[in-house]
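The structure appears below as structure tokens.
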Amino acid sequence: MRTMKIEDFGDELQRLAMDAVTNIEKGINEVAEDLLSASQKLAPLDEGGLMENGTVEPAIKSNGAITAKVGYNKKYALRMHEGFYNLGATSARKSGFDGMTVGRKFLSQPITAYSQKYMKHILDKMVGDYS
């Protein structure tokens, strides 16, 4: 057990809060990288470079929120994500995983499938050594 002066208590709480925010940022960045990896496995292959074009913008604090961005920058990425189309031969040979399929909603599918896992990961990071 550690003894602490009451005047140091506020400083310790502030340090713990700052550590929690740092740990949340780390957890969000790890989740974003995992989401990118999962979405790349589901992205169609027939048009050039979509799978390789995915990016993660690291977590930032803004307006009381901590967010990271995962996305694709090819002009046709939104069309491939949202549109209805028949998979080409190369994409059709690519296997999905965890009940998810290659093709449309390649980014949304893992967000939905892994949302609980991702939330738990971030919470575990936030709690860190304090649990």
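Checking a compactness column here: for the stretch 18-65, what do you get for Rg(Cα) / (2.2 N^0.38 Å), N being the number of residues? Show your work: numbers first, answer last.
Values: Rg = 14.0 Å, N = 48, 2.2 N^0.38 = 9.6 Å.
With N residues counted in the stretch 18-65, Rg over 2.2 N^0.38 Å equals 1.47.
Between Thr90 and Gln116, what's the calculated FRET efficiency when r is the beta-carbon distance and R0 is 25 Å? Round to 0.05. Intermediate results must be reported in sequence, preceding the final value.
Values: r = 32 Å, r/R0 = 1.29.
After rounding to 0.05, the efficiency reads 0.20.
In whole Å, how far is the Cα centre of the stretch 1-20 from that of the stretch 67-125?
Answer, in whole Å: 42.
At a Cα cut-off below 18 Å, give the lysines reachable from Lys26, other chains included and same-chain residues fewer than 8 away excluded.
Excluding near neighbours in sequence, the set is Lys61, Lys69, Lys117, Lys120, Lys125.
From the P(r) of the chain, can you give the percent of Cα pairs sitting at distances over 26 Å? Numbers along the way, then the final one.
On the way: 3241 of 8515 pairs.
Roughly 38 percent, rounded to a whole number.
Give me Glu52, Glu30 ranked fewest to most by other Cβ atoms within 10 Å of their Cβ, as a rough exposure proxy. Spell out each step's value before the answer.
Working: Glu52 10, Glu30 16.
Fewest-to-most ranking of Glu52, Glu30: Glu52, Glu30.
Using Cα-Cα distances under 8 Å and only pairs 6 or more residues apart, what relative contact order does the chain have, in percent? Write down the numbers at each step before the final one.
Numbers: 150 pairs, mean separation 40.9, N = 131.
Relative contact order of the chain: 31 percent.
Values quoted throughout were computed directly from the atomic coordinates according to the rules given, and no laboratory measurement underlies them. From a predicted model like this one, the values you see are computed outputs, not experimental measurements. Positions of Cβ are generated from backbone atoms using ideal geometry, with glycine treated the same way; all protein chains shown enter the neighbour counts.
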